[in-house]
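The values are calculated or read from the model by the stated rules, or taken from the named source; none is laboratory data. Please read all numbers here as calculations on a predicted model, not as lab measurements. Cβ coordinates were reconstructed from backbone atoms using ideal geometry, including for glycine residues, and neighbour counts include every protein chain displayed.
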Amino acid sequence: MADFSGSLAADATLSNEEKAEDLSQDSKNDAPKSDVQADSDNEAVPDPSIYRYIKDDLFTSEIYKIEIRNIPKFVGFNDLKKFLAKHGISPHKIKLFGKQTFAFVTFKNEEERDKAMKMVHGMQWKGQVLSVRLAKPKADPILKKRKQEEGEGAGGQPASKRTEGDDEEEPLHVQIANVVTPLWNVPYEEQLRRKEQEVVGVLQRLAKEIGSTNKAMLPWLFAQKGKFNKMCCPLEAIQPSPTQTEYRNKCEFLISVGANGEDKTIGFRLGKYKGGSCAVVGPAETSHVSAEAKKVVSEFQKFIRTTPYSVYSPETYEGHWKQLTVRTTRTKQAMAIVFFNPQKLEEEDLNALKSAMRQYFTDGEGKESCVTSLYFVREGQRTSPNLEDLPCELVAGENCIHEELLGLKFRISPHSFFQVNTGAAEVLYSAVGEWAQLDQDSTVLDVCCGTGTIGLSLAKRVKKVIGIELCQEAVEDAKVNAKLNGLSNVEFHCGKAEDVFPNILNALVSPNVTAIVDPPRAGLHSKVILAIRRAVHLKRLVYVACNAKAAMTNFIDLCRAPSNRVHGAPFRPVRAMAVDLFPQTMHVEMLLLLERVDYDSQQQTGPAETDPM
C-alpha cells in the first residue's frame, strides 16, 4: 500500500529526523567514504555552520549517536539489532557498514545512549571485543555543499564549473518531468514492457530463493521454472492503467523558492535535500497531476503570495509555509491541506491568517478552484516524521471528500490511505476478487485495509470481512464506508498488523479463510508472517505489493521450509500479475497469489530446518 507521493514531493518537508534518515537509512550501506571518515572522527569539533539542524527545541536522534567498532565480519543488520535487543538496548536507528565492521547507532535520549555505551564497550561477540565511542551527527547537506563551494571560490577556483552544453540546459518543465515522471517520453507500450520485465526478474529471483530455503519444493519448482521462463509461477499479461495522464488523486507539493527564482512557489522539488537543493518547479506542465489539482495549486500560490509570511527554510528553520497536499475525486470534490510553521506568531495572527484563507477560498478568487474541504496544519516542533501524527484543523468546507469505486461510495479523510489512481485501483481490486476464489462461507482478512476499499468491494460475496489498519482516521472512514454501502458483515480493527493480526487469527473458527494483504512499501512485519504460517486454516493469500523487491523477504518467509521458528506448512506462489497504477514512472503494483502446500498429499524429505527468519 503506497502512493509514492513522497517521491513526487521529493523530500517535501524534511524534519531534523528525516534529514538524518534521508542520509542514513537503517538498512543501506551506501555512505561515501568521506562521510564515514567525517562521522568517525569524533576528535574533531563539529562545525556549527553545517550542523544547524541540531537545536534543543527540534528533536533528532543524531544528537544521541554512537559508533560501535570491531563488529564481527558477516554480521547483518538484523543480527546487530537482535544482539542489542538481547542486552536490553533499544536503538532508534542503526546503520551498519558491513565491510568496515562498524556501525552508527542513534538513540532517542541521552540516558539510552549512555546505557548502550557502558554495556557494549568491551563486550565480546563472536570472538571480537567491541569498542564504543561518541559519533558526530551528519552534516546538513545543503550547508555542507555551500561551504565546499565557498572554499573552492576562496581558493581561486570557480564555485560551480560550467560544462559544454550548459547554455542549452533543458527547460524547467522538462527537468521536473524527468524527476517526477521519468518515463514521460517513453511510449506507453514500452513502459508496460519494462514494468512486466521488472516483475519477471522478481519471480525468477523468488524461484531461486525458494529453492535455497525449501528443498522439499525442488521437484515442483523445477517443473515450474521449465514451464514459465525460470519463474516460480505463471505471470499473466500486465494490466494497463485506464488513463495514463492526469490520473493522480493525491499529490504532496513543497512550498519553497522556485527554481526560476520566484519566491513562494508551490511545486515538486527539482533535486533531493541531500543533493543540496530546495528549489521547486510548479506542476502546471506535469502529465500525471490532474487539472483540478493544478488549479488548486495555482490559486493557493496566489493566496500565499498575498500574505506577509515567508516560505519555511530547511537550512535555517525560519519561515512558515511548508507544504500543500491536494486530494481530488472523480465526483469533482477537492481537499487542500496546507502545512504551516507558526514559529512565534501569536494566536491572533494565526486566526487572522485562517480567516483570510477561508474568505479567499469561499468568497474570493480561490472560489474558482472548487476546494470543498480546506485544512490548516500547524507543523512546528514535531517529534515524529509522520505527517499523520499532526492534527488537521478544518478551516472551511466539509471535513472529508467522497469517491466512487466499483459501484461503492467511500469517504476519505485527510490522512486516510486511498489508492492514488482510482481507475487502475478498480482493475487491481477486480483481479483480487477473482483470484481470492471466494464464496458465501468465506472469511476475508483485509490486512492494511486503509479506508476498507478491498474488503468492502468483496463483502457481498462472503460471510465476513475483517479489516486491520494502523491509521485511526482510516479505520473510522472504513466503518462509515460500510454503513454508506449498507454492509453489515464487516468489522475493522485499529492497530499495528503485527499486534492485531495474530489475535484475530487465533480467534477465528471459520474453516474457509483467505487473507488479502496490501502493506506499505517495506512489506509485512515478520510477526504477521509467522502468524500466517501458524494459521493452518488459512489456505490462500493474495499479496498486493507496491514494491515487489522490498516485499521479497515476505515472499521467501511465506515459502520457506518449516523450522524451529517458522511453524506451519509453507505457501507456494501459483499466479502473478502486474497492474500499472503509476504511468510515466517505473513503479508498478504486483499481485501474487500464494496457496498453502498440502503436506498430506506431498512427501516431505528431511527434518525441519533451523533457518532463522
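Let's see how each residue does on (1) small (Gly, Ala, Ser); (2) in contact with a strand residue (DSSP E or B) (Cβ under 8 Å, 6 or more places away or on another chain):
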position: Leu408; (1), (2): no, no
position: Ala431; (1), (2): yes, yes
position: Val444; (1), (2): no, yes
position: Thr453; (1), (2): no, yes
position: Lys460; (1), (2): no, no
position: Glu473; (1), (2): no, no
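Buried (at least 16 other Cβ atoms within 10 Å of the Cβ), farther than 17 Å from Gly258 by Cβ and of a type in the set (D, E, K, R), is that true of Lys295? Yes. Here the condition is being under 26 Å from the mean Cα position of the chain (by Cα) and at positive phi; of Glu246, Glu285, Glu252, Glu209, it holds for Glu246 alone.
Among the residues of region 521-555, the ones that are at pLDDT below 90 and hydroxyl-bearing (Ser, Thr, Tyr) come to 1 in all.
Tally up the residues in region 439-469 that are surrounded by fewer than 21 Cβ atoms within 10 Å (Cβ to Cβ), in contact (Cβ under 8 Å) with a residue 60 or more places away in the chain and not charged (D, E, K, R), please. The number of residues fulfilling the criteria is 1.
In region 345-373, the residues that are β-branched (Val, Ile, Thr) form Cβ pairs under 9 Å with partners that are part of a helix (DSSP H, G or I), at six or more places apart or across chains, as follows: Val371/Val296; Val371/Glu299; Val371/Phe300; Val371/Phe361; Val371/Thr362.
For region 319-335, residues that are more than 19 Å from the chain's Cα centre (by Cα) and farther than 20 Å from Asn421 by Cβ total 4. Criterion applied to Val513, Val528, Val574, Val597 was being hydrophobic (A, V, I, L, M, F, W, C), touching a residue at least 40 places away in the same chain (Cβ under 8 Å) and crowded, with 23+ Cβ neighbours inside 10 Å, and the one residue passing it is Val528.
In region 443-479, the residue that is farthest from Leu541 (Cα to Cα) out of those that are touching a helix residue (DSSP H, G or I) at 6+ places or on another chain (Cβ under 7 Å) and among the β-branched types (Val, Ile, Thr) is Thr451. One residue stands out in region 67-80 among those that are farther than 21 Å from Leu134 by Cβ and of a type outside the set (A, V, I, L, M): the one that is modelled with the lowest pLDDT, namely Phe74.
You will find that of Leu206, Leu192, Leu183, the residue that is buried (at least 18 other Cβ atoms within 10 Å of the Cβ) and over 18 Å from Val579 (Cα atoms) is Leu206 and no other.
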